[in-house]
Amino acid sequence: MEPVLTHQHDAVLEIALNRPDRLNALDRPLLEALGRALERAEDETVRAVVLRGEGRAFSAGQDLREAAGGGLDYQAHLARYNRVVLQIRRLAKPVVAAVHGVAAGAGMALALAADLRVLGRETRLTTAFARIALVPDSGMTYTLPRTVGWGRAFELLALSPDLDAETAMRLGLANRVVSEDAVFEEARGLAARLAAGPTRVYGLIKHALDESARLGLEEVLELEAQLQKLAGEGADHEEGVRAFLEKRAPRFQGR
Ligand code: T3D
């Protein structure tokens, strides 16, 4: 069985973690396949990505059987997690995580690396790392405090509660909460909408947000000016202005 499935519908690439009997726990073959799937997302025909899990969960995080089995080169293993997180963040197009069932540990970290999260009403999130006496990784100490604030991040990381979808929404960890069986459909709808948008500019927005996390105000202003120059030179900007003046919807090409 392929550990990751991909399917492209128009300009949306759907990537599905596919170890349903293990709640899509992340083992080496799955992480390597996810890396390849995210490479495919670089293709210019792809303008948005949906990341989801097969079966009844998004992902239960690190495969603890593989970890317990020993023989894991820890540094090499961590590099696989880091690679996919960086691929998601550096992908210059939006990634929508469709999170149903449960997302735990590195599974939650993957969802947080995405640009938007759709959760089901029954979905539970848990950082889980400290439950097994690990420090958070896969970017969670970057994404979590930037989303929920420093104080809450410590609590979520140290006490590792099960967060329900409503709480996740309140904390800014979810963009949409829908019924559990509507999660994929909602995520696909969002991705399709984004795929018809100014893709190149979405990539610049991702870059600006990620960079702003480590820059001072003057540097942010300078970066915004540079990125605005790039955006202003784009065909989509020209189309957006023309569409406004002609009182019609823009037809963005993603350039
Ligand atoms: O290397 C690195 O640096 C990266 C490090 C990353 C660290 C992490 O990701 S830490 C977090 C690791 N994950 C966890 O601690 C979560 C473990 N799983 C659970 O706590 C529960 O399974 C859930 C809360 C996620 C779901 O509970 P429930 O009751 O709905 O399902 P279940 O019955 O526990 O699980 C179903 C099956 O999936 C079960 O297998 P079985 O008994 O039917 O043969 C279970 O063992 C398996 N499974 C669930 N999670 C994992 C797993 N197998 C391997 N690894 C898992 N993480």
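Just the accessible area for Thr147, please: 1.4 Å probe, Å², rounded to the nearest 10?
50 Å²
Going toward the positive end of the dipole of region 4-195, with +1 on Lys and Arg Cβ and -1 on Asp and Glu Cβ, which of Leu119, Thr143, Leu26 do you reach last?
Checking the options against the dipole of region 4-195, the answer is Thr143.
Ordered by residue, what ³J(HN,Hα) values in Hz, to whole numbers, does region 168-178 give under the Karplus form 6.51 cos²θ - 1.76 cosθ + 1.60, where θ = phi - 60° and Gly and Pro are x?
Using θ = phi - 60°, the values come out as 4, 5, 4, 7, x, 7, 10, 9, 9, 10, 10 Hz.
Leaving ligands and nucleic acids out of the surface, order Ser59, Ser212 by accessible area at 1.4 Å, largest first.
Ser212, Ser59
Carbon-plus-sulfur fraction of the accessible area of region 4-195, 1.4 Å probe, in percent?
52 percent
With a Cα-only, solvent-free Debye model of region 122-255, what are the log10 I(q)/I(0) values at q = 0.18 Å⁻¹?
With one equal scatterer per Cα and no solvent, log10 I(q)/I(0) is -1.11.
Over the chain, what relative contact order in percent results from Cα pairs under 8 Å that are six or more residues apart?
Computed value for the chain: 17 percent relative contact order.
Counting only helical runs of four or more DSSP H residues, what would the 222 nm mean residue ellipticity of the chain come to if each run contributes -39,500 (n - 2.57) and the total is spread over all its residues?
Mean residue ellipticity at 222 nm (helix-derived): -14500 deg cm²/dmol.
For helix 217-232, what angle does its Cα long axis make with the longest principal axis of the chain, in degrees from 0 to 90 and rounded to 10?
That works out to roughly 60 degrees.
Could you compute Rg(Cα) / (2.2 N^0.38 Å) for region 199-245, with N its residue count?
Normalised Rg, Cα atoms only: 1.28.
Output the 0 to 90 degree angle, nearest 10, between the alpha-carbon long axis of helix 183-195 and the longest principal axis computed from the alpha carbons of the chain.
Computed tilt is about 30 degrees.
Compute the acute angle (0 to 90°) between the alpha-carbon long axis of helix 235-245 and the principal axis of greatest extent of the alpha-carbon atoms of the chain; round to the nearest 10°.
Helix 235-245 and the main axis of the chain meet at about 60 degrees.
Principal axis extents for the chain, Cα atoms only, whole Å, descending order, please.
61, 42, 36
Keeping all protein chains in position, work out how much accessible area Arg200 exposes to a 1.4 Å probe, and write it in Å² to the nearest 10.
So the heavy atoms of Arg200 present about 80 Å² to solvent.
Looking only at region 4-195, where both bridge partners belong to it, what percent of the DSSP beta bridges are antiparallel (to the nearest 5)?
Around 25 percent antiparallel, to the nearest 5.
The values are calculated or read from the model by the stated rules, or taken from the named source; none is laboratory data. Computed from a predicted model, the values in this text were never measured in an experiment. Methodologically, a virtual Cβ is constructed for each residue, glycine included, from the backbone with ideal geometry; neighbour enumeration extends over all protein chains shown. Just the protein is used for accessible areas: all its heavy atoms, side chains included, with ligands, DNA and RNA removed. Shrake-Rupley method; radii C 1.70, N 1.55, O 1.52, S 1.80 Å.
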